[in-house]
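So the structure is just underneath, and the comments pick up after that.
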Amino acid sequence: MSATREQKAPSDRLGQVSWALFEWARNPYYILIVIYIFGPYFTTEVIGDPVRGQAIWGYINGFAGAVTACLAPFLGAIADKVGRRKPWIGTFVIMMFPAIVLLWFAVPGEAGPGILTVAVALAIAGTGSAFSEVFHNAMLPSIVPYPRLGALSGLGLSLGNAGALVILVGMLYGFALPASGLLDWSFLPDHVLFGLDTSTFQHDRISAPIAAVWLLVFSLPLFLFTPDQRGTGTSALQAVRQGTRDVWNTIRRLRHYRNIALYLGARMLFNDGKVAIMTFGMIYASGIFGWGGAERLMVGVFLTVFAVAGGLIGGRLDDLFGSKKAILFTIGGNSIALLVAISITPTTILFVPFDGLSDPVWSFPYFQTLPEIVYLLVSVLFALFITSAYANSRTMLARIAPETEMTKFFGLYALSGQVTTFIAPILVATFTDVFVSQRAGMASILILLLSGFVLMFWVKEERSVPHD
């Protein structure tokens, strides 16, 4: 068998599953640290001021997004040209591990590392996660036959969510609920596991070392069992030059594909908007309602189930009405849900104050008031619409790109999703700072969603003709 043949041969089933298992290892970082646990803890407890905390969190994520935007095209070029991917993935995992562990020391007051140190650690972990994704994705075509690309990719996404769900449930059972002491359920531990000190929020901070060790341990199957491509002999500098030239040529060709260019522009806007909702939604709720670790974990478990359903609903909408109408529906739904979300405070719903909103409506010790329950239900809409939009967006490109150039345009699709990731967090941070309001910061996301929504009206759902 020739070297070329060996390089392109698919992996066995163990190697393929081990590739998907890397999502199980890496994705909990984003879900635990960015969305549900550490981010809200950092903004409300470490910073101590939810408004200032939301602004700082936005600037941190904006900086990480800017680094990703600047370097992602070059890393993508290296992934395409040098052949071997696992050494790069290993480098980024090793880079992420100590950065995530360092977050354990982020305690309120002056006892732990300064805010700047924590911000740098978060930026390193965030960029490492994004860059590992570039090389991990690049391995996919070489380890599985073409007809099964979608199935293996979907398995990875499912495992990523499942891994996070396992941790969320475990932390809820072992740390958050025993720490609150509000539920007298016989199956709960009498005390927080491992003797964690709740006065210094160790039951929240433990999410960082858990995510770090989880990443390190469950990354091992990828390195042990998934075959890597052979090196091409191309140096990193040569790879960057060649890959950058390829990307530039593809971008130049977009002038012949106006419809696809319009779509990619619209997608950059509404995609940034939906990512911002995921990043700041729980931070906003924690600041407005004073939700602690138990509430955030419960919401995380609850919404993960609906996120899975959202993918199925999105696919059904796509089949029934077409990708464009499905995308418009999900962007519109996200925009309305966001408007409703920012209308809710402990004393208002739909921006209207009502008497008695702060009174408990049931005996369950969590989410006791009507505004909290309404916000939780709105968050379900976020989970459904955001996941649906993700599924519809990929299908839309598959419907309008020339069949003979599908790979190139999906590469551009991936690139377009990375080069603007800094815009949304900087926008939220700026509005939060200028108006000294979490609500204003969240409202700024509507600018991105509605801009993408309007631009989509000029996109036609028809396949482009290849241009020579």
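The values are calculated or read from the model by the stated rules, or taken from the named source; none is laboratory data. All figures in this text were calculated on a predicted structure; none of them were measured in a lab. Cβ coordinates were reconstructed from backbone atoms using ideal geometry, including for glycine residues, and neighbour counts include every protein chain displayed.
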Which one of Ala266, Ala211, Ala261, Ala239 is over 25 Å from the mean Cα position of the chain (by Cα), part of a helix (DSSP H, G or I) and either crowded, with 17+ Cβ neighbours inside 10 Å or on the phi > 0 side of the Ramachandran plot (or both)? Ala239
The listed residue being free of Cβ contacts under 8 Å to residues at least 24 places away in the same chain and polar (S, T, N, Q), out of Ser379, Ser323, Ser358: Ser358
So is Ser132 surrounded by fewer than 18 Cβ atoms within 10 Å (Cβ to Cβ), of a type outside the set (Phe, Trp, Tyr) and not assigned by TED's automatic domain parsing to the domain that holds Thr387 or not? no
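Please verify whether region 222-232 includes one or more residues that are outside the structural domain of Ala55 (by TED's automatic domain parsing) and among the basic types (Lys, Arg). Let's see the steps before the verdict.
To start, the set of residues in region 222-232 that are outside the structural domain of Ala55 (by TED's automatic domain parsing) comprises none.
Scanning region 222-232 turns up no residue that is outside the structural domain of Ala55 (by TED's automatic domain parsing) and among the basic types (Lys, Arg).
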State which residue pairs qualify: first residue free of Cβ contacts under 8 Å to residues at least 12 places away in the same chain and inside region 129-142, second residue surrounded by fewer than 24 Cβ atoms within 10 Å (Cβ to Cβ) and in a helix (DSSP H, G or I) in any location, beta carbons under 8 Å apart, and separation of 6 or more residues or different chains. Pro141/Leu149
Tell me, yes or no, whether region 34-46 has at least one residue that is outside any helix (DSSP H, G or I) and touching a residue at least 12 places away in the same chain (Cβ under 8 Å). yes
Which of the following residues is assigned to a helix (DSSP H, G or I) and surrounded by 17 or more Cβ atoms within 10 Å (Cβ to Cβ): Gly170, Gly163? Gly163
What are the residues in region 433-453 that are out of contact with any Phe, Trp or Tyr (no Cβ under 6 Å at 6 or more places or on another chain) and without any contact (Cβ under 8 Å) to a residue 12 or more places away in the chain, if any? Val434, Phe435
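Looking at Met406, Met396, which is the one that is in a helix (DSSP H, G or I) and modelled with pLDDT under 80?
Met406
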From Leu320, Leu303, Leu350, Leu297, residue being more than 15 Å from Phe382 (Cα to Cα) and under 21 Å from the mean Cα position of the chain (by Cα): Leu297
Matching option when the condition is outside any helix (DSSP H, G or I) and at pLDDT 90 or above, among Pro371, Pro360: Pro360
Being crowded, with 17+ Cβ neighbours inside 10 Å and part of a loop (DSSP other than H, G, I, E, B) is the filter; apply it to region 446-468 and report the residue that is modelled with the highest pLDDT. Val459
Here is a list of conditions, (1) modelled with pLDDT under 90; (2) out of contact with any Asp or Glu (no Cβ under 6 Å at 6 or more places or on another chain), and Ile94 meets all of them except one; can you say which number that is? (1)
Consider Leu182 against the criteria (1) part of a helix (DSSP H, G or I); (2) in contact (Cβ under 8 Å) with a residue 60 or more places away in the chain; (3) in contact with a Pro (Cβ under 6 Å, 6 or more places away or on another chain): it satisfies all of them except one. Which criterion is unmet? (1)
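Between Gly109, Gly90, Gly126, which is part of a helix (DSSP H, G or I) and over 17 Å from Pro221 (Cα atoms)?
Working: Gly109 fails: part of a helix (DSSP H, G or I); Gly90 fails: over 17 Å from Pro221 (Cα atoms).
Checking each option against the conditions leaves just Gly126.
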Hits in region 18-57 (condition: within 24 Å of Val213 (Cβ to Cβ) and of a type in the set (A, V, I, L, M)): Ala20, Leu21, Ala25, Ile31, Leu32, Ile33, Val34, Ile35, Ile37, Val46
